[in-house]
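Please read the structure below before turning to the comments.
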Amino acid sequence: MALHNILAESGEWLSGDGPQSHIVISSRVRLARNLRNFSFPGWAKKADRIAVLECVKPQVESLPEMADAYSAYSQDLSALEKQVLVERHLVSREHAAKGIGSAVVMNRKQTLSIMINEEDHLRIQGIRSGLQLKNVFKLVDKVDTALGEKLDFAFHQQYGFLTACPTNVGTGMRASAMMHLPGLVLSEQINQVIQAVNKVGLAVRGLYGEGTEALGNLFQISNQITLGEKEDEILTRLNKVIEQILQHEQNSRVSLLEKKAVLLLDNIGRAYGILRHAHSMASKEALNLLSCIKLGTDLGFFPEDGRLLVDQLFMETQPAHLQKSSQQKLQAEERDTLRAEIIRAKLAKFPKPDGKKAIERGREERKEKEEKDGRTE
Amino acid sequence: MNCDVCKQKTATVFLTQIVDGKMQKVNLCDACSKEKGVTDPKGFALADLLLGLGASEEMERSGVGQKCPMCGFSQADFKKTGRFGCSNCYEVFSEGLEAMLKGMHKGTTHTGKVPQRLLKARQHAEELKRLQRELRKAVDDEKYETAAELRDRIKHFEPGNTGAT
Ligand SMILES: [Zn+2]
Ligand SMILES: [Zn+2]
């Protein structure tokens, strides 16, 4: 299977049909594994890296999960192709910088990608739409078990799976969810949430940029600890925190509708106006404005059938995707013009935001709730 | 967001580090990141930055000049990169490692998944021990027929199967 065939279709996680996918965009789990008796990729000589690669790659390709896979040596991928894979979260930024001695294998659905000779000999990654960390883990766990029967993984009686960086040792597992949290950002609660999450040993990062400056209101929540806790315990804890953040985000939206309807209407209305009429737009601005439209869709300001279009624009307006679609390398200015053009075209038939119904509905729901609370008290 | 070092310029470099087992974010401006050598990983202890201040010191204490016989990796290399050279390094540098891992994780003992191969080898070793126990008991009880049978099973059990731990 050729790369352009795979990339012509958007990955499963972008389709947005997983559980809670309006707010939890994707769930991702990766396992770091290494072979015994070989230096880690960052320290190994080129010949050793190639030896590991030639030993691991055929095993990965012969997995039943990789029956319809795309497989490539890093040096055979162009810089643009690598960047597209990074934007789709199929390879890490670090892996995209690799040349001879590294490779990537991914399935057609783009739910499973295995990086060979990234920081570790193997990085087995699963990614799915919505909140389903345990399902994603099941997939990578199965693949890991199968590979572990063929390959001699470095495993220590006490420390567990050995990794190049001691922050990954033990389970070698990093699980994360990408969340869209405009409600918490607009209501200025995001920093509190980040601090609370940090306190329980989990990390929150802006997907693009940090803290309140996170672009597109997209955040990634992940585990930090990999040693001393079972995979299942880590996932359960992470899942619980994600569900709490989800709840906070939903509450903040209800309260914004109730108390700060003008702020919402203004943000969404402005985003709509600019996206529909701008002629030059940087990637940062596009992310932030599209986030407002996505929020508007969640709140019922826009019809539900426009959702996929908006979600896809998040990806299509990323620099590498933009250049891929235009089949050429573009200067920053040209990219901004093309980005605005694509957005205008895609949103040409997008109806105006209609917040009335949503706000009224919010009011009614609140009234009902108050009456109900009144009865039970 | 302002730079954590000079508190004046806008931060452009964002780093996450672990201090005493807690995640800390360090935001640096261009000038300070250059001064700290963040743009030149060779010039400073990346280990300290990535794994918490003191991580490289911890490693240093565990025997200066020691090198991993398998991959040639040294403490100085760890200090530079915050990464090990090979899986054997975990044995060579185990002394400083323990304290470092304690600060980073929940304990220092893995409780999660064990590779199938090892699991099988372990089960195998346990099964062999069980057979040997039964054999001793059969001999003690003077059940020679059972003993002969067990001896036979152990004989077929052993070759090439006891190597793994
Ligand atoms: Zn500064
Ligand atoms: Zn070593």
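The values are calculated or read from the model by the stated rules, or taken from the named source; none is laboratory data. Model, not experiment: these values are computed from the prediction. Here the Cβ is made from the backbone with ideal geometry for all residues, glycine too, and neighbour counts use every protein chain on show. With ligands, DNA and RNA removed, areas are computed over all heavy atoms of the protein, side chains included. Shrake-Rupley method; radii C 1.70, N 1.55, O 1.52, S 1.80 Å.
Listed values, structure above:
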quantity: Selected residue (only one of A:83, A:59 is more than 14 Å from chain B (Cβ to nearest Cβ) and not aliphatic (A, V, I, L, M)); calculated: A:83
quantity: Single residue of the range B:98-120 satisfying the filter (open to solvent by less than 40 Å² (accessible area, probe 1.4 Å), facing another protein chain (nearest Cβ under 7 Å) and touching a residue at least 12 places away in the same chain (Cβ under 8 Å)) that is farthest from the chain's Cα centre (by Cα); calculated: B:118
quantity: Residue match in the range A:111-125 (condition: within 14 Å of chain B (Cβ to nearest Cβ), in a strand (DSSP E or B) and of a type in the set (Val, Ile, Thr)); calculated: yes
quantity: For residue A:342: the one exception among (1) over 21 Å from the mean Cα position of the chain (by Cα); (2) more than 25 Å from residue A:219 (Cβ to Cβ); (3) open to solvent by 50 Å² or more (accessible area, probe 1.4 Å); calculated: (3)
quantity: Given (1) over 28 Å from residue B:110 (Cβ atoms); (2) at pLDDT 95 or above, index of the condition residue A:192 fails; calculated: (2)
quantity: Filter result (touching a Ser or Thr at 6+ places or on another chain (Cβ under 8 Å), part of a helix (DSSP H, G or I) and hydrophobic (A, V, I, L, M, F, W, C)) within the range A:174-203; calculated: A:184, A:185, A:186, A:190
quantity: Residue, farthest from ligand 2 (Cβ to nearest atom), within the range B:72-88, restricted to residues that are more than 7 Å from chain A (Cβ to nearest Cβ) and assigned to a loop (DSSP other than H, G, I, E, B); calculated: B:72
quantity: Flag if residue A:228 is at the interface with chain B (Cβ under 9 Å from one of its Cβ atoms) and at pLDDT below 90; calculated: no
quantity: Positions within the range A:140-162 being in contact (Cβ under 8 Å) with a residue 12 or more places away in the chain, over 23 Å from residue A:239 (Cβ atoms) and more than 7 Å from chain B (Cβ to nearest Cβ), in sequence order; calculated: A:146, A:147, A:150, A:151, A:152
quantity: Only one of A:295, A:299, A:308, A:313 that is under 21 Å from residue A:267 (Cα atoms) and in contact with a strand residue (DSSP E or B) (Cβ under 9 Å, 6 or more places away or on another chain); calculated: A:295
quantity: Selected residue [open to solvent by 10 Å² or more (accessible area, probe 1.4 Å), in contact with a Pro (Cβ under 9 Å, 6 or more places away or on another chain) and assigned by TED's automatic domain parsing to the domain that holds residue A:173] from A:30, A:49; calculated: A:49
quantity: Number of the exception - residue A:298 against (1) under 19 Å from residue A:341 (Cα atoms); (2) under 19 Å from the mean Cα position of the chain (by Cα); (3) open to solvent by less than 50 Å² (accessible area, probe 1.4 Å); calculated: (1)
